[in-house]
Amino acid sequence: MLAVDLNCDMGESYGLYQMGNDEEMMEYITSANIACGYHGGDPHTMRKTVELAKKYGVAIGSHPGFPDLVGFGRRALKATPEEIRDYVIYQTGALREFASYHSVQLQHCKPHGALYMMAMEDEKIAKAILEGLNKINPELIVFALNNSAVEEVGRKMGMHVALETYADREHTASGSIVMTRAGSQIEDYDAMADRVVRMVKEGKVLTHLNEDASLKSETICIHGDTPGASLLARKISEALKKNEIQVKPINEIL
């Protein structure tokens, strides 16, 4: 039987600022990417999000980004590979301790925003991130776009790589994504759910240029701050079950 992981970026609130719909999303996802304080999140939010994930039986992973609260980690900052490696170790290590406090293990890492996109295209950045994660725990699963530098370098290093596609972003022919919110423009969530089913069953998706592209979907991201995210997550969950596709954490798939 086919199976896929549903992941969501979470714990991005900090101080007085609230982001996303974390508890609503927990009902439908199987893996939570938890912000670690640099682009969003703070110690209290990290703790609460780990508690929520444990309550709902959702696997957890780190979601490290550039130190860029003002830009929400979506600005491409200049940093050396060594600095990037340290950013990832620092943030993932912090989340690991909150996980340990609640007697749960880190399952994966998914870099955030600009750091994620830069790593997919730059082998030096990809290697820096992977080296840091490998030192923390070589069994960690790393999320990566199809045909990306992270996928290529990660496999060469013997790391566990999960190929990621998106429910609420448009894809390119190469397997990358277009950083716009499809959910803010598409109101037909049934059609979006059907698109997810096709990505899993057929390994195909219509690109932003309306061309068919091939890709592999092992984990699918649904952003919690996409308009109607919880409705989209429910529609996707229902569509997957209707098509006899199991939804389970990525460590039970790879």
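The values are calculated or read from the model by the stated rules, or taken from the named source; none is laboratory data. A quick note: this is a predicted structure, and the numbers were derived from the prediction, not measured. FYI the Cβ positions are ideal-geometry reconstructions off the backbone, even for glycines, and counts take in every protein chain you see. Note: areas computed on protein heavy atoms with side chains; ligands, DNA, RNA excluded. Shrake-Rupley method; radii C 1.70, N 1.55, O 1.52, S 1.80 Å.
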Self-check item: Accessible area of segment 154-227 divided out per residue, in Å², using a probe of 1.4 angstrom
Solution: 44 Å²
Quiz item: If one computes the Cα centroid of segment 41-77 and of segment 221-249, what distance in Å separates the two points?
Solution: 20 Å
Practice problem: Take every Cα pair under 8 Å in segment 141-248 that's 6+ residues apart, average their separations, divide by the length, and report that relative contact order as a whole percent. | Solution: 27 percent
Quiz item: Within segment 1-56, which GluC sites (Glu not before Pro) sit in a loop by DSSP and count at most 14 neighbouring Cβ atoms inside 10 Å?
Solution: E27
Self-check item: Too-long pairs where the Cα-Cα distance tops 18 Å, listed order kept, from K124/K156; K54/K135; K54/K235
Solution: K54/K135; K54/K235
Exercise. Express in nm, to one decimal, how much length is gained between H102 and L254 on full extension, taking 0.36 nm for each residue of separation and deducting their alpha carbon distance.
Key: 52.2 nm
Quiz item: With labels modelled as points extended 7 Å from the Cα through the Cβ direction, what inter-label distance (nm, one decimal) is found for A191 paired with V178?
Solution: 1.4 nm
Self-check item: Accessible carbon and sulfur surface of segment 171-254 relative to its total accessible area, %, 1.4 Å
Solution: 45 percent
Practice problem: Would you please give the FRET efficiency between K54 and E24, computed as 1/(1 + (r/R0)^6) with r the Cβ-Cβ distance and R0 = 25 Å, to the nearest 0.05? | Solution: 0.90
